[in-house]
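Participant: A single structure is presented below for examination.
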Amino acid sequence: MLDAVWISLKVASVSMLVILLPGIGLGWLLARRRFTGQTLLHSLLYLPMVLPPVVTGYLTLLVFGKQGILGKWLDRYFGISLAFDWTGAVLVSSMVGLPLLVRAVKLSMEMIDRRFSDASAVLGAGPARTFYTITLPLAGPGIFAGLILAFARSLGEFGATIIFAGNIPGKTQTIALAVYSMIQTPGADAAAMHLTLVSVLLSVLAVIASDYLSRKMQKVGINS
Amino acid sequence: MKLNIQIYLKRSGFSLAVETQFNSGITALFGPSGAGKSTLLHCLAGLTRPDSGIIQLDTEILYDTRRKINIPSHRRKIGIVFQDCLLFPHLSVRANMEYGQTGDKQTRREQFDTITALLEIEPLLDRSMTHLSGGEKKRVALARAILANPRWLLLDEPFSGLDQSLKNQILVYLRRLHQATAIPMILVSHCPDEIADLADEVFFMEKGRLTARGTLTSGGVIDSACFCHSQDPKDLQKIKNWLIKNHSLRLETYRSTIRAV
């Protein structure tokens, strides 16, 4: 049972790290730049958020599975196999978590008065310095809020994970999958209840943290 | 120092066509809202890109459409004090002021201390932005802009939102700053009495055009010129008359060289 908690936390944390940089980059791109194909990128990114997770899992299997388009290639040249491994759970978690982060970054960067960048520029700061010292810190709480949402989403991930990573106890069985198995097993009700409580606790904490940070973000945004 | 400009810019329902020279000293830019004063300042600082034209500081070309030169804002060394200050809300007063500073540690420190003393900012240094009043914000924004060592300083409505006594206070600080640093300034304003004592030259602007220009002195020889035609002379005429009467403003007719865009 502890295995499941550990795997859940591991998968959620690693996928948070995986999506951090691409999430910030894509969010900035969507908020501050205008380019061709923007709408397409936007839709593709948000697809995992609206697709049934089982479908996401199946598509991932088609692409990254051992016989998949990319999976075959990864297996042959790098010996990497993501399917039915905890790294596979990280992959699907990242896919469903990324749109949440991108959205949070995009919204918080749109909330920042763009003229702060002007003010920074006339003080002699180039675009990179302006990004690191002005845009990023001002969007900071929003980015954290998005990360936490992605983390929570990963904890709750079920459909895509069971298709792509399977339900292997001690290896890919996360809290959600373990609860599912326990419900199917006669006499495991108490264990299921325990895990459920852990799950509720983690989710509540995540929502509170995300909420707190969003409010902090709004305060900063208004105060120009 | 001289700032030579030819700026042409067209937006929906608005066009800006300004061809003139700014001299070092303090230049006041008058005009009704929507006259294009802020847009002009933004063009000078590189925040807005004119459709065509030239911006030249002494011999250095900052912008030239024909030669495809456009020095970005952060390399122009032209400072702006924005109307709403735009102090960075996540930084302290001190960090805001240090943001644009360059040079070695010793120089930075000396300059910081000088400006802090000049504008009497010491008691504010470790405060956060949320705990500053309107007048204090203006002072900090002024200090921040000056500490970046600009070659020219543009002030967009530096007195807006301040009551009379605060206006006078900022006026005193501005005069002190100009005496201490000799940085040329362009100052956008609505009210003539605010800058009558401060400015060396006055430019009048209406509907995206410079309509008149004159030199203010408390006496002595006046070198002045008047640009093209004024389109809506009512309010500006009052200001002009006031300045002529009380501050020996002298305007002369001047044949415009501005072409239509």
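Participant: Which number in (1) modelled with pLDDT under 90; (2) surrounded by fewer than 23 Cβ atoms within 10 Å (Cβ to Cβ) marks the one condition that residue A:132 misses?
Facilitator: Tallying (1) modelled with pLDDT under 90; (2) surrounded by fewer than 23 Cβ atoms within 10 Å (Cβ to Cβ), residue A:132 fails exactly one: (1).
Participant: Select, from B:164, B:179, the only residue that is surrounded by fewer than 19 Cβ atoms within 10 Å (Cβ to Cβ) and either more than 18 Å from the chain's Cα centre (by Cα) or among the small types (Gly, Ala, Ser) (or both).
Facilitator: Exactly one of B:164, B:179 is surrounded by fewer than 19 Cβ atoms within 10 Å (Cβ to Cβ) and either more than 18 Å from the chain's Cα centre (by Cα) or among the small types (Gly, Ala, Ser) (or both), namely B:164.
Participant: Follow-up question, since we're still on this one. When you scan region A:180-200, how many residues do you find that are β-branched (Val, Ile, Thr) and under 22 Å from the mean Cα position of the chain (by Cα)?
Facilitator: 3
Participant: Restricting region B:148-157 to residues that are away from chain A (no Cβ under 11 Å) and not in a strand (DSSP E or B), which is nearest to residue B:190 (Cα to Cα)?
Facilitator: B:157
Participant: So, one more: Could you tell me which residue of region A:106-162 is farthest from the chain's Cα centre (by Cα), considering only residues that are away from chain B (no Cβ under 14 Å) and acidic (Asp, Glu)?
Facilitator: Top of the filtered list is A:110.
Participant: For the subset of region B:25-53 comprising residues that are in a strand (DSSP E or B) and hydrophobic (A, V, I, L, M, F, W, C), which member is farthest from the other protein chains (Cβ to nearest Cβ)?
Facilitator: B:30
Participant: Next question, about the same structure. Say whether the condition of being at pLDDT 85 or above and part of a loop (DSSP other than H, G, I, E, B) is met by at least one residue in region B:213-230.
Facilitator: no
Participant: I'm checking my understanding of the structure. Among residues of region B:124-137 that are assigned to a helix (DSSP H, G or I) and away from chain A (no Cβ under 14 Å), which one is surrounded by the fewest Cβ atoms within 10 Å (Cβ to Cβ)?
Facilitator: Result: B:135.
Participant: Being more than 14 Å from chain B (Cβ to nearest Cβ), touching a Pro at 6+ places or on another chain (Cβ under 9 Å) and farther than 30 Å from residue B:48 by Cβ: is that true of residue A:63 here?
Facilitator: Against the criterion (more than 14 Å from chain B (Cβ to nearest Cβ), touching a Pro at 6+ places or on another chain (Cβ under 9 Å) and farther than 30 Å from residue B:48 by Cβ), residue A:63 does not qualify.
Participant: Quick check on residue B:70: is it polar (S, T, N, Q), modelled with pLDDT of 95 or more and out of contact with any Gly (no Cβ under 7 Å at 6 or more places or on another chain)?
Facilitator: yes
Participant: Regarding residue B:5, is this residue without any contact (Cβ under 8 Å) to a residue 12 or more places away in the chain, outside any loop (DSSP other than H, G, I, E, B), more than 10 Å from chain A (Cβ to nearest Cβ) and among the aliphatic types (A, V, I, L, M)?
Facilitator: Here the answer is no, as residue B:5 does not meet what is asked.
Participant: Somewhere in region A:171-180, is a residue touching a Lys or Arg at 6+ places or on another chain (Cβ under 9 Å), of a type in the set (A, V, I, L, M) and closer than 17 Å to residue A:94 by Cα?
Facilitator: No - not one qualifying residue is present in region A:171-180.
Participant: Got a sec? Which of A:39, A:87 is surrounded by 14 or more Cβ atoms within 10 Å (Cβ to Cβ), assigned to a helix (DSSP H, G or I) and not charged (D, E, K, R)?
Facilitator: A:87
Participant: Are there any helices (runs of 4 or more DSSP H) wholly within region B:57-123 with 2 or more residues that are more than 9 Å from every other protein chain (Cβ to nearest Cβ) and free of Cβ contacts under 8 Å to residues at least 12 places away in the same chain, and if so which?
Facilitator: The qualifying helices (runs of 4 or more DSSP H) are B:105-118.
Participant: Which condition number in (1) at pLDDT 85 or above; (2) over 26 Å from residue B:19 (Cα atoms) is the one that residue B:163 fails?
Facilitator: Status for residue B:163: all satisfied but (1).
Participant: In region B:11-22, is there at least one residue being under 17 Å from the mean Cα position of the chain (by Cα), on the phi < 0 side of the Ramachandran plot and without any contact (Cβ under 8 Å) to a residue 24 or more places away in the chain?
Facilitator: Yes, because at least one residue in region B:11-22 is under 17 Å from the mean Cα position of the chain (by Cα), on the phi < 0 side of the Ramachandran plot and without any contact (Cβ under 8 Å) to a residue 24 or more places away in the chain.
Participant: Out of (1) within 23 Å of residue B:199 (Cα to Cα); (2) more than 11 Å from chain A (Cβ to nearest Cβ); (3) at pLDDT 95 or above, the odd one out for residue B:145 is which?
Facilitator: Looking at each condition in turn, residue B:145 falls short on (2).
The values are calculated or read from the model by the stated rules, or taken from the named source; none is laboratory data. Quantities reported herein were computed from a predicted structural model and do not represent experimental measurements. With ideal geometry, Cβ positions are generated from the backbone for all residues, glycine too; neighbour counts draw on all protein chains shown.
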